[in-house]
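**Q** Sharing a structure here in structure tokens format.
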Amino acid sequence: KNQNIICLLYLLLLNQFILLVSQSVSYIPSSSTNWVQLISSSNSQFTGRNAHASCVFKGNLWLTGGRSNVYTAYNLISTYSNGDVWYSEHGDTWIQVTELKGDFYIQNYDVIQPGPIAPWYQRYGHSLNAFDSNGDGIDDYMILAGGYAPDPSNDIWITEDGITWIYCGLAPWAPRAWHATTIFQNKLYIMGGTPLNNEVWYLNNITRISRKDPLTRAMYMNYTFEIEWIQVNNGGWSPRVGMAAISHWYYNSSLGETSANLTERLLVIGGFGGYPAGYPEYNGYSCQSDVWVSLDGTNWTLLTTDASFGRRAWFGSAILNNSNYAINNISSYIFIVGGGNIGFNIPTSSPTSYSDVNPSYLSSNTFSTKNINTMYGYLSTYRSIDGVNWTQVNFEEGGGTTGITQYSSQEWTKTVLYRTTSYLGMWGMTIESFNIDNGYEEPNRLILIGGTKVDDGDTSDVVYVSEGGIFCDIKGV
């Protein structure tokens, strides 16, 4: 009898164990490869960072500045901002420019000149764009603008080779950081940023001019660039930071259009922000999941308020095979990768119109009081052809209160934390569309650079290149 009771208890315990295991482990579909880590053959690599700025210029990848782990700078001050410049031919080995030249007399007049620290102040949350000034299809300059240096700034720097950096004065737009930039209709657009705004400006003209020799012992150049900026209407979207601005060539195949109907569109995607308290449109500060489009940079149309990629900001974004190129008679793809979510949740119910928002409404229980105080990191990649319909590329499960171990099929999420393999979200990375031309059958790829892992993860110095799975996988299959 006692043996029967013991056996019964054993079976009950075994059943509970199997139940717990079944709740914490689920079937993981077999996913094709989406990303492959690029390994340097010479161990030459930038330090881990986020909020850096990168671009493709004259056949190379370029990276500037960014926020890293705290280090002691040349002046013995502890900082996490960087003022370095790196480039890479294939994305694997990165070479630091150690003989930087230019207008040191403006900002970094007390560093080694020439040397490994740029003439511009160390910064993060800035922008870097390659720009074709004469329309011949060849980029003439890299333009570095704004960022935390350490406060939001509006200084402009131009280089023709990545080595010599020319100070071009202060832009007429207000100092800002975490803004968005892109080349649209052969003009450099700058939008939004912090302090929160929804301004839209574009660079209309660049003229090289001589300058008088300044009274200084620091290095300087005897020429500069005069830049004409033009402000257009504020965006129809709410003030925000950390959003994507993308130039996208598109035609609507569902309407019978073909590549002959390609039209360049300017898209603004996601970001963090909202209208300031006191404005009739105020509904808290949160990450957004909306997508806006403009055909002229001035007039904006809302494509969707609630894209399936969810509320996110500070993500990587890029177009693959852009500029009059179609794949299988469809427009080029928009990709967004990673990112984070933080801030107020949006109201659980909306007023009839923004004019109905009043103190009694704001204090009522229709407004969610939940705050996301710590950055939630996304482990996903999404793609879209039209900016409205988005497809999740990867398989993902677990995390939070699910009782299931967090997992993502995106290779860049995998990390070792406390000697255990973990899968963590990441934000603050950059993504570049790049012809890697390194023995690949299809050389045009996405390059993922840096970023910061959430939940005790580290700031990354790793670079990944995309594989064909990002075009065909749907939730990991």
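The values are calculated or read from the model by the stated rules, or taken from the named source; none is laboratory data. These numbers come from a predicted model, not from an experiment. FYI the Cβ positions are ideal-geometry reconstructions off the backbone, even for glycines, and counts take in every protein chain you see. Accessible surface areas use protein heavy atoms only, side chains included; no ligands, DNA or RNA. Shrake-Rupley method; radii C 1.70, N 1.55, O 1.52, S 1.80 Å.
**Q** In the range 90-102, which residues are open to solvent by 20 Å² or more (accessible area, probe 1.4 Å) and at pLDDT 95 or above?
**A** I95, Q96, T98, E99, K101
**Q** Of the residues Y121, Y105, Y109, which is among the aromatic types (F, W, Y), closer than 22 Å to T47 by Cβ and surrounded by fewer than 22 Cβ atoms within 10 Å (Cβ to Cβ)?
**A** The match here is Y121.
**Q** Hey, another quick one. If P116 satisfies every condition in (1) in contact (Cβ under 8 Å) with a residue 40 or more places away in the chain; (2) open to solvent by 40 Å² or more (accessible area, probe 1.4 Å); (3) in contact with a Ser or Thr (Cβ under 6 Å, 6 or more places away or on another chain) but one, which is the exception?
**A** (1)
**Q** State all residues of the range 213-233 that are under 30 Å from the mean Cα position of the chain (by Cα) and not β-branched (V, I, T); if no residue qualifies, say none.
**A** Result: F225, E226, E228, W229, Q231, N233.
**Q** Hey, any hits in the range 142-153 for a residue that's of a type in the set (D, E, K, R), surrounded by fewer than 19 Cβ atoms within 10 Å (Cβ to Cβ) and over 29 Å from P195 (Cα atoms)?
**A** No: zero hits.
**Q** For the range 272-292, which residues satisfy the criterion of being assigned to a strand (DSSP E or B) and open to solvent by 20 Å² or more (accessible area, probe 1.4 Å)?
**A** Scanning the range 272-292 gives F272, W292.
**Q** Among the residues of the range 124-143, which ones are part of a strand (DSSP E or B) and either within 16 Å of the chain's Cα centre (by Cα) or modelled with pLDDT under 95 (or both)?
**A** Y124, S127, L128, N129
**Q** Continuing with this model, one more query. Could you please find all residues in the range 50-89 being in a strand (DSSP E or B), open to solvent by 30 Å² or more (accessible area, probe 1.4 Å) and either touching a residue at least 12 places away in the same chain (Cβ under 8 Å) or not small (G, A, S) (or both)?
**A** Selection gives V56, N60, R67, N69, V70, Y71, T72, T79, Y80, Y87.
**Q** I would also like to ask the following. So which of S247, S210, S259 is open to solvent by 40 Å² or more (accessible area, probe 1.4 Å), under 30 Å from the mean Cα position of the chain (by Cα) and polar (S, T, N, Q)?
**A** S259
**Q** Something else: Any idea which residue in the range 184-207 is nearest to A318 (Cα to Cα), counting only those that are buried (at least 21 other Cβ atoms within 10 Å of the Cβ) and among the β-branched types (V, I, T)?
**A** Filtering first and then ranking leaves I190.
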